[in-house]
Amino acid sequence: MSNILTSSIGKKLMMSLAGLFLVIFLIVHLAINLSLIIADTHEPFNKAAHFMGTNIVIKVMEIILFGGFLLHMFYGVFLQIQNWMARPKRYRKENYSQTSFFSKFMIHTAAIITVFLVIHLLDFYLKAKLFGEVPMAIYDGREYHDLGTLVINKFKIGSVVIFYIVCFMILAFHLLHGFQSAFQSLGLEHKKYTPVIRALGVIYTVFVTAGFMLIPVYIYFWM
Amino acid sequence: MDFTLKIWRQENASAKGRFETYKVTGISSDCSFLEMLDILNQQLIDKFEIPVCFDHDCREGICGACSLYINGRPHGPDSAVTACQLHMRKFKDGDTIIVEPWRARPFPVIKDLVVDRSSFDRIIEAGGYVSINTGGVPDANTIPIPRANAETAMDAAACIGCGACVAACKNASAMLFVAAKVSQFAMLPQGRVEAKERVMRMVAKMDELGFGNCTNTGACEAECPKQISLSHIARLNREYLSARVL
Amino acid sequence: MTKLNARIPEGPLAEKWTSYKAGQKLVNPANKRKLDIIVVGTGLAGASAAASLGELGFNVKAFCYQDSPRRAHSIAAQGGINAAKNYPNDGDSVYRLYYDTIKGGDYRAREANVYRLAEVSGSIIDQCVAQGVPFAREYGGLLDNRSFGGAQVSRTFYARGQTGQQLLLGAYSAMMRQVNAGTVKLFPRTEMLDIVLVEGKARGIITRNLVTGKIERHFGHAVVIATGGYGRAFYLSTNAMGSNGSAVWQVYKRGALFANPSFVQIHPTCIPVHGDYQSKLTLMSESLRNDGRIWVPKKKEDVEALSEGRIVPKDIAEDDRDYYLERRYPAFGNLVPRDVASRAAKERCDAGFGVGSGLAVYLDFQESIQRLGKHVIEERYGNLFQMYEKIVDENPYETPMMIYPAIHYCMGGVWVDYELMTTIPGLFSLGECNFSDHGANRLGASALMQGLADGYFILPYTIQNYLASEILTPRMPTTLPEFGEAESHIRERLDKLMQIKGSQSVDQIHRKFGLLLWELVGMARNKEGLNKAVKEFAMLREEFWKDVRIPGGAEEMNPELEKAARVADFIETGELMARDALQREESCGGHFREEYQTPEGEASRNDDDFMFVAAWEYTGTGKEPVLHKEALHYESIKVQTRNYKI
């Protein structure tokens, strides 16, 4: 008998748990980012970034977060390969059933998001962590990386702004299916509450991705 | 009505198949899809050619034998019907209709449009029953069952095992089929006794047979001739996780 | 008449089964493992028998022509299953179920078998509920019942309009459990083509693998056939396309007697024929007659106006409608038994009051919808209404359904004794394919009851009485000459079919034959027509063997060859049906001889001369078979004319 990690439903469980974890992470990330455009100075943003980069609890969380990403990606690819293998001979005319539209492109949106992640990490995370190419700022006598300036400089470049916006739209497609799908995979389905979950999924997706998109646009035009 | 048919022809399991084009003319709009194929086969027999093989039996939408993938949809363009209940009035005169067999690794083609669905029997064999022998059971009214639960069990039990869910799913997943059986028994006290063993064994068998994984796309629900709901898959997930984790 | 010993146990009717079980021989568990049983057919009777025998520890081999046993045509039964549970407290009892069945069968069924059937009926419901069959329930959580034709109590258990499906899946599941346990071995897509007798006893079968065309031999200490009825002989019927009477016909040719072949049931509520390309007829459950009212126009003008499309059914005033069943049979109204309802529809249509193509009557729900509300009707019959709309493209909530009788079930079948054993020792027959319980007419919701009773609760007992004396018989090798003879007989037959290469397809000949059978041996029969049928069918048999065209080869999947072998048997069966109908100079149940009717057009039975089971013995193709008679005796019921009027 298969075990929880290798059975089809077990793998979906992993996918959905990791996915929901990433959903929560996106909210935290967005909150910090918004501080950059809401506050008058970069101080709250830089302090938050510093806190995120140095606090021991967050350090542990960071590892878990990377784990979450890897798990979600690993299972996603693994499931997809199995799914392709389950139909070695394809149809001449593919099924166009009226169903969750974005669900058909999860692996494709995932691939784009992965590329985005790599670039994103190179742009900010690794620059701050490894290369030290970040200007410094001093608050209350302590030195902080001035990531805020780095971000603002980046988003003054039109092509970068467009790239980010496109990637977040792709992320929205991914989330539109992923959010409610995670609940279905966990077996959390109910006549009354499932429509609520679906609506929440849409609200969440619109709010989070619009929030992320707002930042480069705001910086490009108004900062 | 006149139609151009592009039908998958394959002599046997090991042969390499191909699409053949046929024309049928003067078809009544009240004709069922399978009766239209009968007319085509009569034409082929008249010409000493080999008729198209397809599975069919009851021709009233309940046996689950028919398994035609018509114009990109299992059982064709009508909803909540099997191919035998599909009538030509659902097509336009002059349409080109592509007919393919179910495609999935656990459903190998036997001939033309006939596939081997015995993997479904293997899944039921693994646990799709209540383990009681004939005789020695309590009176039928001993355990009252809430009507709503009995109705939900019946919704799931309506599955005819045709395999449209697998055929429609982009992952060739059999989750809806397995969910229907697990869900039926999960809703009834008689089935609850061995609910944990059942769900674990059936899921393990489903995985072993090489069906794909469910990604909640809902194509199965959309194409199921008996309109079995995705909520049964959620129940299957719940049953499985509680059997494994709790 | 030694051939026909029904071996009915002594004693009062109500104690026969109990005393049989007390006195029968049993096989001990260690010996059960050494015995092989072949079960052909996996419908309600076959699957339930295979499951139960497997559970007991016998080695069972189960065969079906479908790709999965779950597709057997029992699955299509809609309405329900009868049982004398008396849950509604409306006066039902084992005796009353027995009484209704005998009366419904027009006093042509064997009393002891029917009583036993009624006795075990309750256990079937218990068994199915324990298996997880989702029967309809009331709000209190207990099982719901509805009423059916031919009964004044509500004793029918149901699972929406899919009762047959749910019961079959229950039996199928139980059988698959035994497949998993290793006691049942499954052979799907395999058709039985002949039975093998060794020293006069049934010892095996010859089959054809429908995927590879391979001819195979199988041994069994006993053989059970549960292969259903031969109604597909009529070409258009409510049976499945693959349903066939070949197993029955082959065992008949090997010496089993065929009882009452002319007793076929014509179901009153089917969707009428609408084109010559049509391949089958669809049944609308009899349960519809609970809430639907059957009528035709009273006036010929209205019939004409309807057919010219000048008016629709709704335009016909209440007073201008002839609710002919309510008029003729006030006590039972629309719920008269099937044979009565079918004949009444034919009578109206023949008199020129038919609607649609002229061969249809209305089944109207307007009154019920007004009385109960559309939602109640939808809840009760939603799936049937949807099915009707899909086929006919009319909405039955708004306009009445059109229905007409169609061939549905065969009461006739292999002659069996009380133990369900045929005249060939070791060969048993269950369900629709035997003749025993329904006489000349079957009541609605009784076929499911009989199939499951035979498989779950009767055969597992009675077969042991036979096998107890076989425990010393070792498994026989299939290299015995008897197997070889049967196999070469089959090979010759198939080769012959393949070599004809004539000009007509199997379906063309079958359609022609079916129409003739319907016309001459259908709802109304007469001497002249039946004599003609015997001759015509003999000619058609010759024509078939000279002119049928089967493309492809025999060593591959070849549905045309499968059909050809079945149709060849149907044509011969038709001949026997006609002979049986000719011999029976009376009208009873589904058998209506125009010469024998009352002035009001009701069936006129002749108990003095025909209260017997007609069992036919094969003497050779085209030769006159020998008629054996099993006299019927009724001890616990007063034989009377069926009366559904008062």
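Every read-out reported here was derived from the displayed coordinates using simple, explicitly stated rules and does not represent laboratory data. As the structure is a prediction and not an experimental result, all values here were calculated from the model. Cβ coordinates were reconstructed from backbone atoms using ideal geometry, including for glycine residues, and neighbour counts include every protein chain displayed.
Report, largest value first, the span of the C-alpha coordinates of the stretch C:204-251 along each principal axis, in whole Å.
35, 26, 13
For C:Leu472 and C:Ile500, FRET efficiency with R0 = 41 Å and r from the beta-carbon atoms, rounded to 0.05?
Here the calculated transfer efficiency is 0.30.
Quick one: 3J(HN,Hα) in Hz for the stretch C:305-320, Karplus 6.51/-1.76/1.60 with θ = phi - 60°, rounded, Gly and Pro as x.
Using θ = phi - 60°, the values come out as 4, 5, 6, 8, x, 6, 10, 10, x, 4, 6, 7, 5, 3, 6, 8 Hz.
Assuming R0 = 60 Å, can you tell me the calculated FRET efficiency for the pair A:Asn55 and A:Lys93, based on Cβ-Cβ distance, to the nearest 0.05?
0.60
Can you find, among C:Ala76, C:Ile124, A:Gly141, the residue sitting farthest towards the positive end of the charge dipole of the protein assembly as shown, where Lys and Arg contribute +1 and Asp and Glu -1 at Cβ?
Result: A:Gly141.
Taking 8 Å as the Cα distance limit and 6 or more residues as the minimum spacing, I'd like the relative contact order of the stretch C:268-407 as a percentage.
34 percent
Would you mind computing, in nm to one decimal, how far apart the modelled labels at B:Ile39 and C:Asn89 are, each placed 7 Å from Cα along Cα→Cβ?
That separation, rounded to one decimal, is 5.9 nm.
Scan the stretch B:1-98 for chymotrypsin sites (Phe, Trp or Tyr not before Pro) in coil per DSSP, keeping those whose Cβ has at most 10 other Cβ atoms within 10 Å, and list them by number.
The qualifying sites are B:Phe48.
Mean residue ellipticity at 222 nm from the helices of chain C, using -39,500 (n - 2.57) per DSSP H segment of n ≥ 4 over the full residue count, to the nearest 500 deg cm²/dmol?
One gets -11500 deg cm²/dmol as the mean residue ellipticity at 222 nm.
Work out which GluC sites (Glu not before Pro) in chain A are exposed loop sites (DSSP not H, G, I, E or B, at most 11 other Cβ within 10 Å) and give the longest gap free of them.
Answer - A:1-93.
Using only Cα atoms, what is the ratio of the radius of gyration of the stretch B:3-111 to 2.2 N^0.38 Å?
My calculation over the Cα atoms of the stretch B:3-111 gives 1.02.
Rg and Dmax of the stretch B:118-245, Cα atoms, in Å?
According to the Cα coordinates of the stretch B:118-245, Rg and Dmax are 14.4, 45 Å.
Averaged over its residues, how many other protein chain Cβ atoms are within 10 Å of peptide C:451-462's Cβ atoms?
Mean inter-chain Cβ contacts per residue within 10 Å come to 1.
In what sequence do C:Tyr230, C:Tyr404 fall when counting other Cβ within 10 Å, fewest first?
Fewest-to-most ranking of C:Tyr230, C:Tyr404: C:Tyr404, C:Tyr230.
For a footprinting-style exposure proxy, rank A:Phe105, C:Phe219, B:Phe177 by other Cβ within 10 Å, fewest first.
Fewest to most other Cβ atoms nearby, the residues stand as A:Phe105, C:Phe219, B:Phe177.
Picking from B:Cys165, B:Cys66, B:Cys53, which is most flexible by a Gaussian network model of chain B using Cα springs under 10 Å?
The residue with the greatest mean-square fluctuation here is B:Cys53.
So which of A:Lys11/B:Lys181; B:Lys205/C:Lys61; C:Lys32/C:Lys214; A:Lys104/C:Lys390; B:Lys226/C:Lys280; C:Lys61/C:Lys629 end up more than 28 Å apart, counting from Cα to Cα?
C:Lys32/C:Lys214; A:Lys104/C:Lys390; C:Lys61/C:Lys629
How many partner chain Cβ atoms sit within 10 Å of a residue's Cβ in peptide C:120-130, on average, as a whole number?
5
Any idea what the relative contact order of the stretch C:488-614 is, in percent, if you count C-alpha pairs under 8 Å spaced at least 6 apart?
30 percent
Every cysteine in chain B with no other Cys Cβ under 4.7 Å from its Cβ, please list them in numeric order.
For chain B, the answer is B:Cys31, B:Cys53, B:Cys66, B:Cys84, B:Cys159, B:Cys162, B:Cys169, B:Cys214, B:Cys224, because their Cβ atoms have no other cysteine Cβ under 4.7 Å.
Say each of C:Glu543 and A:Phe101 gets a label point 7 Å from the Cα, pointing the same way as Cα to Cβ; how far apart are those two points in nm?
Between C:Glu543 and A:Phe101, the label points sit 5.9 nm apart.
Principal axis lengths of chain C from Cα atoms, whole Å, largest first?
The Cα atoms of chain C stretch 74, 60, 48 Å along their principal axes.
Under a no-solvent Debye model with one identical scatterer per Cα of the stretch B:98-152, what's log10 I(q)/I(0) at q = 0.13, 0.17, 0.19, 0.27 Å⁻¹?
-0.64, -0.77, -0.82, -1.09
At 4 °C and a viscosity of 1.567 mPa s, what translational diffusion coefficient does Stokes-Einstein give for the stretch C:54-131, taking Rh as the Kirkwood radius over Cα pairs? Give it in µm²/s as a whole number.
85 µm²/s
Please work out the C-alpha center-to-center distance from the stretch B:90-123 to the stretch C:542-591 and express it in whole Å.
Between the Cα centres of the stretch B:90-123 and the stretch C:542-591 lies a distance of 31 Å.
Using all C-alpha to C-alpha distances in the protein assembly as shown, build P(r) with 10 Å bins and read off the rounded percent in each one.
2, 10, 18, 21, 19, 12, 7, 5, 3, 2, 1, 0, 0
Using the Cα atoms as the points, what is the convex hull volume per residue of chain A in Å³?
Convex hull volume per residue, Cα atoms: 169 Å³.
Kindly express, to the nearest 10 degrees and within the range 0 to 90, the angle between helix C:163-181's C-alpha long axis and the longest C-alpha principal axis of chain C.
On a 0 to 90 degree scale, this one is about 20.
What are the lysines whose alpha-carbon lies under 18 Å from the alpha-carbon of C:Lys623, with same-chain residues fewer than 8 places away excluded?
C:Lys253, C:Lys532, C:Lys535
Taking 0.36 nm per residue of sequence separation and subtracting the Cα-Cα distance, how much length would be gained by fully extending the chain between A:Val202 and A:Ile162, in nm to one decimal?
Additional length available on full extension: 12.1 nm.
Once you average over the residues of C:548-560, how many Cβ atoms of partner chains fall within 10 Å of each Cβ?
Across C:548-560, the average partner-chain Cβ count within 10 Å equals 4.
How large is the direction-averaged shadow of the alpha-carbon convex hull of the stretch C:152-226, in nm²?
So the mean shadow area of the Cα hull is 8.5 nm².
Going by average Cβ density within 10 Å per residue, which order do the peptides A:26-36, C:144-154 take, highest to lowest?
C:144-154, A:26-36
Using the beta-carbon distance between B:Ala15 and C:His375 and R0 = 45 Å, what value does 1/(1 + (r/R0)^6) give for FRET efficiency, to the nearest 0.05?
That pair, B:Ala15 with C:His375, gives E of 0.25.
Tell me, how many Å apart are the Cα centres for the stretch B:60-79 and for the stretch C:32-105?
29 Å
How high is the relative contact order of the stretch C:543-603, given as a whole-number percent (alpha carbon pairs under 8 Å, six or more residues apart)?
Once normalised by length, the contact order is 17 percent.
Diagonalise the Cα gyration tensor of the stretch B:29-176 and give the resulting equivalent ellipsoid semi-axes, square root of 5 times each eigenvalue, largest first, whole Å.
Semi-axes from the Cα gyration tensor: 35, 18, 15 Å.
Run a plain Debye calculation on the stretch C:268-407 (Cα atoms as equal point scatterers, no solvent) and give log10 I(q)/I(0) at q = 0.09, 0.17 Å⁻¹, rounded to two decimals, same order as the q list.
Those come out to -0.24, -0.93, one per q.
Compute the helix-to-body angle for C:374-392: its Cα long axis versus the longest principal axis of chain C, expressed 0 to 90° and rounded to tens.
The answer is roughly 70 degrees.
For the protein assembly as shown, give the magnitude of the charge dipole about the Cα centre (Cβ charges: +1 Lys/Arg, -1 Asp/Glu; no others), in debye to the nearest 20.
2660 debye
So which trypsin sites (Lys or Arg not before Pro) in the stretch C:275-350 end up in coil per DSSP with only 15 or fewer other C-beta atoms within 10 Å?
For trypsin sites (Lys or Arg not before Pro) across the stretch C:275-350 that sit outside H, G, I, E and B with at most 15 neighbouring Cβ atoms in 10 Å, the list reads C:Lys299, C:Arg310.
Could you let me know the centre-to-centre spacing of the stretch C:462-515 and the stretch B:168-224, using Cα atoms, in angstrom?
That distance is 40 Å.
Take C:Asp315 and B:Arg192, extend 7 Å from each Cα along the Cα→Cβ direction, and tell me the distance between the two endpoints in nm.
In this crude spin-label approximation the distance works out to 5.9 nm.
Name the residue farthest towards the positive end of the dipole of the protein assembly as shown from the options B:Gln190, C:Ala631, C:Leu497, assuming +1 on Cβ of Lys and Arg, -1 on Cβ of Asp and Glu, about the Cα centre.
B:Gln190
Can you tally the net charge around C:Gly242? Count Lys and Arg as +1, Asp and Glu as -1, for every other residue whose Cβ sits under 15 Å from the Cβ of C:Gly242.
-2
Would you be so kind as to identify which of C:Gln250, C:Ile458, B:Val115 lies farthest towards the positive end of the dipole of the protein assembly as shown, taking Lys and Arg as +1 and Asp and Glu as -1 on Cβ and the Cα centre as origin?
Positive-end residue among those listed: B:Val115.
What do you get for the angle between helix C:481-500 and the principal long axis of chain C? Use alpha-carbon atoms, 0 to 90 degrees, nearest ten.
50 degrees
Tell me the mean residue ellipticity at 222 nm calculated for chain A from its helices only (DSSP H runs of n ≥ 4, each -39500 (n - 2.57), averaged over every residue, nearest 500).
Mean residue ellipticity at 222 nm (helix-derived): -24000 deg cm²/dmol.
Among all the aspartates and glutamates, which ones have a C-alpha under 17 Å from C:Lys546's C-alpha, if same-chain residues fewer than 8 places away are not counted?
The qualifying aspartates and glutamates are B:Asp46, C:Glu492, C:Asp495, C:Asp507, C:Glu536, C:Glu560, C:Asp569, C:Glu572.
Counting other C-beta atoms within 10 Å, which of A:Trp222, C:Trp295, C:Trp518, C:Trp545 has the fewest, and how do the rest follow?
Fewest-to-most Cβ neighbours within 10 Å comes out as A:Trp222, C:Trp545, C:Trp518, C:Trp295.
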